[in-house]
Amino acid sequence: MKLVVMSDSHGDKETVKAVSALPADAIFHCGDSELSFDDPVLHTMHRVRGNCDCDARFPSSVLVEVQGKKVLAVHGHEHDVRMSLMGLYYSAKELGANIVLFGHSHLYGAEMKDGILFLNPGSTVQPRGGKKATYAVVEWDENLRVTFKNLQHKTVEEKELKNI
């Protein structure tokens, strides 16, 4: 299974278009696109509303199954992800999610907790913490690999994660 995940593009339609053209089983935008819900560039992906999205047609969360894995996508502001992942963890457990995708903090990272992957792809335009602008690629077959890539599609960081 291969997922492409982006977040916090804040109106940068060209980046969204370029990243969404990458081959994947599913593509996600974790909010703050600052585009209209019906913008054609978003139609090929699962998308949620961020705190900077004005269009109320965006859902606050999306739960979909991709290749036998349940994927929960949120922006993160409603789960207070800047403070803790516990709110997301409880939501994931309640919904039976295997993967939780979120943004909001503009900091990329990935970790496993109780067999659930928590992934923030970072921001494609406004990274924080001295990090680069990124999106993420998740590949989960026999192994689980998360690759954070810059906007030139070069690897910034790659993580092999254990299912613990």
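The values are calculated or read from the model by the stated rules, or taken from the named source; none is laboratory data. In this text, all values refer to a predicted model and were calculated from it rather than measured experimentally. As a convention, Cβ positions derive from the backbone with ideal geometry for all residues, glycine included, and neighbour counts pool all protein chains shown. Accessible surface areas use protein heavy atoms only, side chains included; no ligands, DNA or RNA. Shrake-Rupley method; radii C 1.70, N 1.55, O 1.52, S 1.80 Å.
Values for this structure:
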| quantity | calculated |
| --- | --- |
| Accessible surface, the chain, averaged per residue in Å² (probe 1.4 Å) | 47 Å² |
| Qualifying lysines (Cα of each under 24 Å from Cα of Lys154; at least 8 residues distant if same chain) | Lys2, Lys13, Lys17, Lys131, Lys132, Lys162 |
| All lysines inside 16 Å of Lys93 as judged from Cα atoms, apart from same-chain residues fewer than 8 positions distant | Lys69, Lys70, Lys113 |
| Ordering of 138-146, 97-105, 23-31 by burial proxy (mean other Cβ atoms within 10 Å per residue, highest first) | 97-105, 23-31, 138-146 |
| Student exercise, the chain dipole from Lys, Arg, Asp, Glu Cβ charges, in Debye to nearest 20 | 300 debye |
| Accessible-area composition of region 1-148, carbon plus sulfur, in percent [1.4 Å probe] | 46 percent |
| For mean projected area of the Cα convex hull in nm², calculated from these coordinates, the label among [x] 9.9; [y] 8.5; [z] 13.2 | [y] |
| Over region 32-164, relative contact order from alpha-carbon pairs under 8 Å, at least 6 apart, % | 14 percent |
